[in-house]
Amino acid sequence: MDIVRVKRILQSAIRAPSTHNSQPWLFRVTDDKLEVFLNPKYILPFADKETRDLHISIGCMIENLCIASLFENLISSVSYGPFEDSNKLAEIKLIESNTMPDELSRALFQTIPLRVNARGVFTQEEFPVDLFSKISFLNTKEDIFINFLNNREDIQKVADVTAVAIVDAYNEIGFRKEMSHWMNSNLSTKKEGLPGYSLKMPLIISLIIPFLIRYFNIGPLLARLNKKSISSAPLLIVISGKDGANSWIEVGRLAERMMLYLQSLGYQTSIYVGSIEINDRYKEIQKIINLKNRPQFIFTVGHIPGKHRVTPRHKVEDKMI
């Protein structure tokens, strides 16, 4: 396998979103395949007890990888575990192809380096009548489902549940300690974690936020800020499906495809999974939407004024074993 081409593909793959920008993936290249592993170092026992978000993050990365491979004249064939090594999640064969990428693939690929998890208050707007059907067309799995919430009452209910979940989380000292580890100042040179600017923090606040989170319970304040942002969203999307590593990876792949597509159209997206990760709050989301399946991923869509900067990434070489 041509390592130079693989590294170019991985440059796009690692632009995927991940919980706290932890980038929990590792790669191994062999003669005939690319192997994907989770790095157990990045398991978050308080924020992601079931490792759902970790697997979804890796699914987002695999989707980027598959899109990018098309532009190296390669088609990706992905197979999932379980494997003998429990940290190994997927094997990807890259097969030579003369197929030209279609217009959608080009739009997704061009958006990968620009994709950002936007934060702030959304402007109010109406969406084109055909947008939901175009998004739904991106879903190729019969056991994964998409729900669109664009009525103010339901979005407000989800915002309320999220706020309560955030308060619950920050009441735990262990969660606050874990979260503080991932917060970086605007001046930080760290390649993982959340720089303050990604959360719209001024420089001074970003310098002290790790200390504040670790030693003070600022959960109620953060709950109000998140509630305000979610409540303002003109559209909220919920992806639901089965529990389990492979299902979560597929949820991540679909989520990334959808977020890239929406951002290629000029929208911003913002991920909010607190309501489905903290305690059993996800059951309240099920009631709001009348879901039979487990909600696995939630994000909002619209336009948020202001600049949105991408978060840093480790070098590809640092993620290869």
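The values are calculated or read from the model by the stated rules, or taken from the named source; none is laboratory data. In this text the structure is predicted, and so the values were computed from the model without any measurement. Backbone-built Cβ (ideal geometry, glycine too); neighbour counts: all protein chains shown.
For this structure, a couple of remarks:
- Listed by position, the helices (runs of 4 or more DSSP H) enclosed by segment 244-321 that each have at least 1 residues that are closer than 20 Å to residue 23 by Cα are 245-264, 274-277.
- Pairs meeting the criteria (first residue in segment 175-195 and closer than 22 Å to residue 277 by Cα and not assigned by TED's automatic domain parsing to the domain that holds residue 16, second residue among the aliphatic types (A, V, I, L, M) and assigned to a loop (DSSP other than H, G, I, E, B), beta carbons under 7 Å, at least 6 apart or on different chains) are 175/47; 178/44; 178/47; 179/47.
- Of all the residues in segment 1-41, those that are touching a residue at least 24 places away in the same chain (Cβ under 8 Å) and closer than 30 Å to residue 175 by Cα number 20.
- In segment 136-147, the residues that are farther than 17 Å from residue 63 by Cα and outside the structural domain of residue 294 (by TED's automatic domain parsing) never reach a residue that is surrounded by 12 or more Cβ atoms within 10 Å (Cβ to Cβ) and of a type outside the set (A, V, I, L, M, F, W, C) with C-beta atoms less than 7 angstrom apart, at least six apart or across chains.
- Scanning segment 83-126 for residues that are among the aromatic types (Phe, Trp, Tyr) and assigned by TED's automatic domain parsing to the domain that holds residue 38 returns 83, 109.
- Among the numbered conditions (1) under 24 Å from residue 300 (Cα atoms); (2) surrounded by 15 or more Cβ atoms within 10 Å (Cβ to Cβ), the only one that residue 242 does not meet is (2).
- Failed item, numbered, when residue 201 is tested on (1) in a helix (DSSP H, G or I); (2) closer than 27 Å to residue 161 by Cβ; (3) under 24 Å from the mean Cα position of the chain (by Cα); (4) not small (Gly, Ala, Ser): (1)
- Total residues in segment 17-53, condition outside any loop (DSSP other than H, G, I, E, B) and among the acidic types (Asp, Glu): 2
- Residue count, segment 82-101 (criterion: over 23 Å from the mean Cα position of the chain (by Cα) and β-branched (Val, Ile, Thr)): 2
- Across segment 273-321, the qualifying residues are those that are of a type in the set (Asp, Glu) and under 23 Å from residue 45 (Cα atoms), and the one among them that is surrounded by the fewest Cβ atoms within 10 Å (Cβ to Cβ) is 280.
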